[in-house]
1. Taking all protein chains together and a probe of 1.4 Å, list A:S9, B:S6 from the most accessible to the least accessible.
2. Suppose each label sits 7 Å from its Cα in the direction of the beta carbon; what would the B:A131-A:I3 distance come out to in nanometres?
3. Counting only protein chains, not ligands or nucleic acids, how are B:F101, B:F83 ordered by accessible area (probe 1.4 Å), most first?
4. Under the √(5λ) rule applied to the eigenvalues of the Cα gyration tensor, what semi-axes describe the equivalent ellipsoid of chain A? Give them in Å, descending.
5. Counting only protein chains, not ligands or nucleic acids, how are A:C47, A:C8 ordered by accessible area (probe 1.4 Å), most first?
6. Semi-axes of the equivalent ellipsoid for segment B:89-140, please: Cα gyration tensor eigenvalues, times 5, square-rooted, ordered largest first, whole Å.
7. Residue-wise, which Karplus ³J(HN,Hα) couplings in Hz belong to segment B:11-17, taking 6.51 cos²θ - 1.76 cosθ + 1.60, θ = phi - 60°, and x for glycine or proline?
8. Can you compute 3J(HN,Hα) from phi for each residue in segment B:86-93, using the Karplus curve 6.51 cos²θ - 1.76 cosθ + 1.60 with θ = phi - 60°, rounded to whole Hz and x for Gly and Pro?
Amino acid sequence: MTIPKRRCSHSRTARRWAGYRKPAAPTMVICPNCQELMLAHRICPACGFYRAREVVKAEEE
Amino acid sequence: MRHLKSTSKFSRTSAHRLAMWRNMTTSLIVHERIRTTDEKAKQLRRHVEKMITLAKHARALGSGEDKSIAAKQLHLRRQAGSFVRADEAVKKLFSELAERFAERPGGYTRIIKIGSRAGDCANMSYIELLAAEEKLEEKKPAKKAKKPAAKRTRREPKSAKKAEAAPTAEEPAAEPPAAEPPAPTEGGEETKE
């Protein structure tokens, strides 16, 4: 059997795992209409408003 | 090579893609608003707007008794009909939509993002035809007014660097006039120095 010649250093292990970190939570904004947290540039899932005035639809989702 | 071809293929053969665009265009015209993925919505615009443009050309020709005009209008109608799948959609294009968008120089659709879809997490959006009552926003003058200001703020650090030799005492004196309209000449002088 093949066997690793060297012990893997902590930093090397850490570097290998560097890309596997948990992704950061998306930045949320407060809906100007209903004050719920929502993603920017999208219809507010809570109230269905977008750009304050446009009622895109009533609460469906 | 597909260099510089900005459209994506959606994992479809060209026939499949064309069929998809025709279906979606027809649906959008008939229903005014459809829900689809962001990417499809973005590319659907060009197909829908082409159809509306055909209808607008027909409208611009007028409604005279002239046979040559009628023939041109018929041709435009058939061109639209060869893409759009439903007769009712063609009718709507050449009557209602041509009228509605007569004054609007392109940009007949709006895309509003919804969020991601359960299942594959695709970003979804609504694409809709603008409503008749929506007036043209006079954005252009506002943008023009804004642009010079934005440029000035960006330019200032550069011109300051170029005029490094200038003593620091001059800078505060030069800045207040830069915020006012006659700034371009001010900036020019600084770069010369």
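1. Result, largest first: B:S6, A:S9.
2. 7.7 nm
3. Values: B:F101 0, B:F83 30 Å².
Solvent-accessible surface, decreasing: B:F83, B:F101.
4. On the way: eigenvalues 493, 27, 10 Å².
So the three semi-axes of chain A are 50, 12, 7 Å.
5. On the way: A:C47 20, A:C8 60 Å².
The ranking, largest first, comes out as A:C8, A:C47.
6. Working: eigenvalues 156, 52, 10 Å².
Ellipsoid half-lengths, sorted descending, are 28, 16, 7 Å.
7. 6, 10, 6, 5, 5, 5, 5
8. So the Karplus estimates, Gly and Pro as x, are 10, 4, 4, 5, 5, 4, 5, 4 Hz.
The values are calculated or read from the model by the stated rules, or taken from the named source; none is laboratory data. Since the structure is predicted, the reported quantities are computational estimates derived from the model, not experimental observations. All Cβ positions, glycine included, derive from the backbone under ideal geometry; neighbour counts span all protein chains shown. In case anyone asks, the SASA skips ligands and DNA or RNA and just uses the protein heavy atoms, side chains included. Shrake-Rupley method; radii C 1.70, N 1.55, O 1.52, S 1.80 Å.
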